[in-house]
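Peer 1: Sharing a structure here in structure tokens format.
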Amino acid sequence: MKNSGRKINSNTVLLIITIVLFVVLYAGGCIAYGSKGFTHLQTFLNILITNAGLICIACGMTVVMLTGGIDISVGSLVAMDCMMIAVGLQAGIGMVPMIIIVLGVGLLFGAVQGYCVGYLEIQPFIVTMAGMFFGRGMTAVISTDQLSITQDINAAFYNLANLKIALPFGGYTNNKGVYQVPFIRVGVVVALVVLVVIFIMLRYTKFGRSLYAVGGSEQSAQMMGLNVKWAKMRAYMLSSFLCSIGGICYCLNTMAGSVQQALGLEMDAIASSVIGGTLLTGGVGNVIGSFFGVLINGTISSIVKSNGKLASSWPNILTAILLFVFIVIQSLFALYRSRKNK
Amino acid sequence: MDENVVLTARGITMTFPGVKALDNVDLTLRKGEVHALMGENGAGKSTLIKCLTGINDFEAGEIHIEGIEGPVKNHSTADAQNVGISTVYQEVNLCPNLSVAENLFIGREPMTALHMIDRKSYTKRARELMNELGIEVDVTQNLENYSLAVQQMVAIARAVDMECKVLILDEPTSSLDEGEVEKLFTLIRKLKEDGVSIVFVTHFLEQVYAVCDRITVLRNGTFVGEYPIDELPRVKLVAAMMGKDLDDLAAIEKEEIDTAHADMAISARELSHTGTVKPFDLDVYKGEVVGVAGLLGSGRSELARVIYGADRASTGNLKVKDADVNIRQPIDAMNLGMGLLPDDRKAEGIIGELSVRENIILALQAKKGAFKLLSPKEQIEIADRYIDLLQIKTASRDTLVKQLSGGNQQKVILARWLATDPDFLILDEPTRGIDVGTKSEIQKLIVKLAKEGKSVLFISSEIMEMLRTSNRMVIMRDGQKVNELTGELTQEDVMGAIAGGES
Amino acid sequence: MNKNNTSIWTRIRSSALFLPFVCLVLVMAVNIIYDTMNGSNPLTFFIITLRDTTGNGTILYGRIIDILNRGSEAALLALGMTLVVSSSAGTDISVGSVMSVCASFCCMLLAGYGVSSTNDFNVPLVVGILAALILGCVCGAFNGFLVAFLKIQPMVATLILYSAARAVGLLMCNDLIVYIRNDAYGFLGGFCGILPTPIIITAICIVILTLVLKKTALGMYIQSVGINDKASRIAGLNSKMIIWATYVLCGLFAAIAGVVASSRITSADSNNIGLYMELDAILAVALGGNSLGGGKFNLAGSVIGAYTIQAITTTLYNLGVSSAQAPVFKAIIVIIIVAIQAPPVKAFMRKRAAQKQTVREGARA
């Protein structure tokens, strides 16, 4: 009764569902829009390029969600980052100092949020919601203009954004007979490095494991002598820091700063984590799942874009539906488990 | 300090807003002894423990620990662990989502040269540790896959492995069945031989005499005394805890009823709830008290919950007063004149932030429906009547119920059900965790209810109190109703029936 | 004597309405200082006059009226939000989006699908409004189902509609801003006699809800379920239905607010109606002295809280802060207010008060 063979781990099941879903979606895209180049490797790479920032942000979101929290400030923090970069570069600050400033601001932003959640014990949702409005408002305080970063403003940043890193495989010859070399951009490299680092951190460091413990049972973690408050605070700092890295990647894609930028990005990040098998109640999940969550998100956008006729609000609705489905699956698992334990 | 003494606490004083929780309390712990910390609810046991483990910040007094110069003051559980004090609570304080091995080592994992956690080596060490203590588990499985007893032992293993000198067990046996308790005691004896000093807090007197060497008794936040176990027989211990002699425990007279001519209160046929209780038949007559005995997890609570509709019946049918009924949820049962006092007072009983008055009228109001509000006058009248009748100790009827002591909270819930004037009342562990005085009051009340013609289903882990009040005993084992005992019974008869085999 | 004084002070301070009143007084003070510094009448804030306007005839005019008027939506949302917070210990963050989708639905029905501007109603006005209210209830029912029956954390459950509802509204309006150029539609957001209609609508809703909670046991049920839903169930309450019902009510109030907001601008602007309103609603509840952890609630506090927020917003605009920048200040206020109520801060304050007390007693002795 106590140890009847191998338990089917519902968490693994969730991850497998996610990966299968991605494969099915992508295959569907290939079949439906193969003629529009969906089958080329570059389409996949483009999903990575477009979503490089989102990957970083989703990693941060996963970290926070593991503790049982949530961070909905990420979208507006990205907007603020972009605006800061645009204004800063225009004011003549160099690229490297600007990146350091942005990362520093992210860390500070996260520290304040983390302090409120960890030490003042305010609900994460409320704190980060305030953070979200603060970020959006602050963006407007910095500037309400639509700024774009051109080559004249900062050549280094411009070149970095346009740098193509060619891949030695997977190319194809297009209908004009020109061989197309598949490429990625700097953001993708950054995102993949972040992914690997966070994966290792979550699995093999004390901090990483303490996040799981806090998410599993805060009281227990406390009783076992872990510093729960500090762990939580660091989780939010890490989230905002990763979000700022993501913000820079995002800025490299858009090369612009505006108050309306990255609206609803927090939704995409949360949806990616949830779809990737991170439990909203905390304690379960990892960034590999979140990575696939981002890919699913990106694939949906690509498909809607390839279709060309669907209204622009469809990706939002589809993501919400997916989020709904996964949340329901999670809750059914949880209900089933609690019933079984009774 | 005496050579043999591991820990002394002297003159510990601590006040909560308005209450002196501890007043000049002492505790002396010797090497390799099992020391019972006894007292009624509100005596200050938990507060004292929390002072030792750094959760509470006491105002006066000193704690000395062997091998450490000067007084020790812990500010967190981590501090306490550093000076060798570990605690295992009634609710297991481990993370269900982590593996057994991880639960054993989290916060102090072995590291590789690269400053990474060495997962292999701690899995190996976890296996060794569990073998050493004789606990059979697969350390790589998540903790949530194991029973509460195993989780408790893992918690103890964790504490022990942290080279603790002092192990505090705060009501570890409350949710364990007898076999599991025995396993736990084996572990405790083994630890004792290894020189660990154990503070054991429990409500079960038998367990104190089974494993403890010495007893410290607290009453109302004050130190009553410290006694070697042989010098303090049961009666004296109870007297020390209560501050008065208790002869009235025996003074309960139950009424015999003639089942052949009595009316039927409820009659269940083949009732079951998948996974918790197998199909059973049960008849309860008007004016009868039926005791339900069985080990924890035997389905004794679940039997009651199915009848009441707290868990919906999977099969079978139920007759109330000879009429077929279909109970889908508690309110249906209530409308048929039932009431259930659940075993978990905190989780399923009290509504902590509502007042005593609101808690008392809640069930009656629910029965009347949302749109027939009891007038303020009626509410006050009902609340006052039961506060008076059950002698609920509360500052006023509008005091929040969470501010009351456990026993008084239990009385409030009892009042809630009495207010609905039920014909059939299910009491699931009404006396758990409450002091001896209140226990006997509740037992008397049960008998009184029966005399008034109401029927009571009485579930308890203390067989004696059921024998004292019940006309009949239903025996549960492994989710199944296995027997019904009537007539003059002894504790041994019932235990034999619970254990199974020929009795 | 001295002791009596402290006890009155403590009683005032521990009153649930202490916080919103302090904020309100602060806002008034800022207004008075600002007006004085500008050389206008220091009491401009409080002056209410009758004015003739070309569009609306004789109407009441003044900053307070303006605040009551503009604060209507937040007050309506706060009503529903209070119940939701109480019963489920979580907030419904979809209210702003639900406002938007209800407004879009109403306008779509009135104008017909794909029409961007109309003078005549496609269906009777009542039908459009009722349909919007029903849609609000449906949205609430959806949220409530996820929370009550599937046991999903409220904020996560409502996150789905938070992101989807607005998008659905855009679909309904075919990505257009639908204009209803008809005075009858503008009435709800306009004037009724000398008073702005939104104030009247809000007042009616507040009165009805208060009466319902006072005259039935629903208020106690909701609190009971919010404090301990398992125990409530055993005591005969249908916890799930009660939680579900609070979400339906919240959706209904969001729909009313949405229709009012849409009527103000006689159009359905999916992207902007109800934008950031969820923050105002949650802030109103917190400001009203309600614990966001659920359980006990105080409706009056939430309503006062909502108007306080509007007063803050209006004051910010008066001070020259743009509407895009205003969230910065609101966010800071939220954090301060919630931080004051946070358990660790409260514990710290109590400890300090106790220390002061001992010092005082020591001095007296």
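Peer 1: Filter the range B:298-320 down to the residues that are among the β-branched types (V, I, T) and more than 14 Å from chain C (Cβ to nearest Cβ), then identify the one that is surrounded by the fewest Cβ atoms within 10 Å (Cβ to Cβ). Spell out how you get there, then give the answer.
Peer 2: Narrowing the range B:298-320 to residues among the β-branched types (V, I, T): B:306-307, B:315, B:320.
With more than 14 Å from chain C (Cβ to nearest Cβ) added as a condition, the list becomes B:315, B:320.
Details: B:T315: 13, B:V320: 21.
The selected residue is B:T315.
Peer 1: Shifting gears a bit: Quick check on my filter: what residues within the range A:127-176 are of a type in the set (S, T, Y), more than 30 Å from C:L292 (Cβ to Cβ) and within 14 Å of another protein chain (Cβ to nearest Cβ)? Outline the logic, then answer.
Peer 2: Pass one, the range A:127-176, residues of a type in the set (S, T, Y): A:128, A:139, A:143-144, A:148, A:150, A:158, A:172-173.
After this cut, where a residue has to be more than 30 Å from C:L292 (Cβ to Cβ) as well, the list is A:143-144, A:148, A:150, A:158, A:172-173.
Correct list: A:S143, A:T144.
Peer 1: Another question, if that's okay. Restricting to the range C:295-318, what's the tally of residues that are within 14 Å of chain A (Cβ to nearest Cβ) and surrounded by fewer than 19 Cβ atoms within 10 Å (Cβ to Cβ)?
Peer 2: Final tally of qualifying residues: 1.
Peer 1: In the range C:65-84, which residues are within 12 Å of C:I309 (Cβ to Cβ) and either surrounded by fewer than 24 Cβ atoms within 10 Å (Cβ to Cβ) or out of contact with any helix residue (DSSP H, G or I) (no Cβ under 6 Å at 6 or more places or on another chain) (or both)?
Peer 2: If the condition is that a residue be within 12 Å of C:I309 (Cβ to Cβ) and either surrounded by fewer than 24 Cβ atoms within 10 Å (Cβ to Cβ) or out of contact with any helix residue (DSSP H, G or I) (no Cβ under 6 Å at 6 or more places or on another chain) (or both), then C:I67, C:R70 are the ones that fit.
Peer 1: Can you name every residue in the range B:107-146 that is of a type in the set (S, T, Y), surrounded by fewer than 17 Cβ atoms within 10 Å (Cβ to Cβ) and part of a loop (DSSP other than H, G, I, E, B)?
Peer 2: First pass over the range B:107-146, keeping only residues of a type in the set (S, T, Y): B:112, B:121-123, B:140, B:146.
Imposing the further condition that a residue be surrounded by fewer than 17 Cβ atoms within 10 Å (Cβ to Cβ) reduces the set to B:112, B:121, B:140.
If the condition is that a residue be of a type in the set (S, T, Y), surrounded by fewer than 17 Cβ atoms within 10 Å (Cβ to Cβ) and part of a loop (DSSP other than H, G, I, E, B), then B:T112, B:T140 are the ones that fit.
Peer 1: Can you give me the number of residues within the range C:304-341 that are hydrophobic (A, V, I, L, M, F, W, C) and outside any helix (DSSP H, G or I)?
Peer 2: First pass over the range C:304-341, keeping only residues hydrophobic (A, V, I, L, M, F, W, C): C:304, C:306, C:309, C:311-312, C:316, C:319, C:321, C:324, C:326, C:328-329, C:331-340.
Then keep just the ones that are outside any helix (DSSP H, G or I); that gives C:319, C:321, C:324.
So the count comes out to 3.
Peer 1: How many residues, within the range A:286-332, are over 18 Å from A:L265 (Cβ atoms) and polar (S, T, N, Q)?
Peer 2: Going through the range A:286-332 one residue at a time, the tally reaches 5.
Peer 1: All but one of (1) touching a residue at least 60 places away in the same chain (Cβ under 8 Å); (2) more than 8 Å from every other protein chain (Cβ to nearest Cβ) hold for B:R158, so report the exception by its number.
Peer 2: Looking at each condition in turn, B:R158 falls short on (2).
Peer 1: Kindly indicate whether any position in the range B:321-333 is over 26 Å from B:I463 (Cα atoms) and buried (at least 24 other Cβ atoms within 10 Å of the Cβ).
Peer 2: In the first step, residues of the range B:321-333 are kept if they are over 26 Å from B:I463 (Cα atoms); the result is B:321-333.
So of that shortlist, the ones also buried (at least 24 other Cβ atoms within 10 Å of the Cβ) come out as B:330, B:333.
Within the range B:321-333 (the criterion being over 26 Å from B:I463 (Cα atoms) and buried (at least 24 other Cβ atoms within 10 Å of the Cβ)), the answer is yes, since at least one residue qualifies.
Peer 1: Cβ-Cβ below 7 Å, separation at least six or inter-chain, first residue in the range B:492-503 and among the hydroxyl-bearing types (S, T, Y), second at pLDDT below 80 and assigned to a helix (DSSP H, G or I): which pairs?
Peer 2: Partner pairs satisfying both residue conditions: B:S503/B:G496.
Peer 1: Hey, another quick one. What are the residues in the range B:158-193 that are touching a helix residue (DSSP H, G or I) at 6+ places or on another chain (Cβ under 8 Å), of a type in the set (D, E) and closer than 25 Å to B:T8 by Cβ, if any?
Peer 2: Across the range B:158-193, the qualifying residue is only B:D170.
Peer 1: Also, quick follow-up: For the range B:188-212, name all the residues that are surrounded by fewer than 18 Cβ atoms within 10 Å (Cβ to Cβ) and farther than 19 Å from B:V238 by Cβ.
Peer 2: Hits for the range B:188-212 are B:R189, B:K190, B:E193, B:D194, B:G195.
Peer 1: Just to verify a result, which residue in the range C:235-256, among those that are facing another protein chain (nearest Cβ under 7 Å) and not aliphatic (A, V, I, L, M), is nearest to C:V85 (Cα to Cα)? So that I can check it myself, show each step before the final result.
Peer 2: Our first condition is that a residue be facing another protein chain (nearest Cβ under 7 Å); within the range C:235-256, this holds for C:235-238.
Next cut, not aliphatic (A, V, I, L, M) only: C:236, C:238.
Details: C:G236: 22, C:N238: 18 Å.
Across the range C:235-256, the extreme among qualifying residues is C:N238.
Peer 1: Here's something else I'd like to know. Which residues, counting only those in the range A:82-139, are aliphatic (A, V, I, L, M) and not in a helix (DSSP H, G or I)? Can you show your working first?
Peer 2: Within the range A:82-139, the first condition is being aliphatic (A, V, I, L, M), and the residues that meet it are A:83-87, A:89, A:91, A:93, A:95-96, A:98-103, A:105, A:107-108, A:111-112, A:117, A:120, A:122, A:126-127, A:129-130, A:132, A:138.
Answer for the range A:82-139, where residues must be aliphatic (A, V, I, L, M) and not in a helix (DSSP H, G or I): A:A91, A:I93, A:L120, A:I122.
Peer 1: Please enumerate the residues belonging to the range A:54-71 that are within 14 Å of chain C (Cβ to nearest Cβ) and either part of a helix (DSSP H, G or I) or charged (D, E, K, R) (or both).
Peer 2: A:M61, A:V64, A:M65, A:D71
Peer 1: Which pairs turn up if I take residues in the range B:63-76 that are over 17 Å from B:G195 (Cβ atoms) and touching a residue at least 40 places away in the same chain (Cβ under 8 Å) and look for partners that are of a type in the set (D, E, K, R) and surrounded by 12 or more Cβ atoms within 10 Å (Cβ to Cβ) with beta carbon separation below 8 Å, at least 6 apart in sequence or on another chain?
Peer 2: Pairs found: B:I63/B:R10; B:I63/B:K73; B:H64/B:R10.
Peer 1: If a residue has to be buried (at least 20 other Cβ atoms within 10 Å of the Cβ) and more than 7 Å from chain A (Cβ to nearest Cβ) to count, how many in the range B:73-82 make the cut? Before you say what the answer is, go through the steps one by one.
Peer 2: Kept after step one, since they are buried (at least 20 other Cβ atoms within 10 Å of the Cβ), are these residues of the range B:73-82: B:74, B:77, B:80-81.
Applying the additional criterion that residues be more than 7 Å from chain A (Cβ to nearest Cβ) yields B:74, B:80.
Residues that pass the stated criteria total 2.
Peer 1: Separate question: Can you name the residue in the range C:216-234 that is touching a Gly at 6+ places or on another chain (Cβ under 7 Å) and at the interface with chain B (Cβ under 7 Å from one of its Cβ atoms) and is also surrounded by the most Cβ atoms within 10 Å (Cβ to Cβ) among such residues?
Peer 2: For the range C:216-234, the residue satisfying everything is C:A231.
Peer 1: Looking at this structure, is C:M99 farther than 29 Å from C:L283 by Cβ and in a helix (DSSP H, G or I)?
Peer 2: no
Peer 1: For the range A:293-328, give me the residue count where each residue is surrounded by fewer than 17 Cβ atoms within 10 Å (Cβ to Cβ), within 21 Å of A:F22 (Cβ to Cβ) and of a type in the set (A, V, I, L, M).
Peer 2: 4
Peer 1: In the range A:302-321, how many are part of a helix (DSSP H, G or I) and more than 10 Å from chain C (Cβ to nearest Cβ)?
Peer 2: As a first pass, look at the range A:302-321 and keep what is part of a helix (DSSP H, G or I): A:302-307, A:314-321.
So of that shortlist, the ones also more than 10 Å from chain C (Cβ to nearest Cβ) come out as A:302-307.
Summing the residues that are part of a helix (DSSP H, G or I) and more than 10 Å from chain C (Cβ to nearest Cβ) in the range A:302-321 gives 6.
Peer 1: Further question: Looking at this structure, is A:I288 facing another protein chain (nearest Cβ under 8 Å) and either under 25 Å from A:R209 (Cα atoms) or in a helix (DSSP H, G or I) (or both)? So that I can check it myself, show each step before the final result.
Peer 2: On the way: facing another protein chain (nearest Cβ under 8 Å): no; either under 25 Å from A:R209 (Cα atoms) or in a helix (DSSP H, G or I) (or both): yes.
Spelling it out, it is not the case that A:I288 is facing another protein chain (nearest Cβ under 8 Å) and either under 25 Å from A:R209 (Cα atoms) or in a helix (DSSP H, G or I) (or both).
Peer 1: Considering the range A:176-205 alone, what residues qualify as being surrounded by fewer than 19 Cβ atoms within 10 Å (Cβ to Cβ) and among the charged types (D, E, K, R)?
Peer 2: Residues satisfying the conditions are A:K176, A:R203.
The values are calculated or read from the model by the stated rules, or taken from the named source; none is laboratory data. From a predicted model like this one, the values you see are computed outputs, not experimental measurements. Cβ coordinates were reconstructed from backbone atoms using ideal geometry, including for glycine residues, and neighbour counts include every protein chain displayed.
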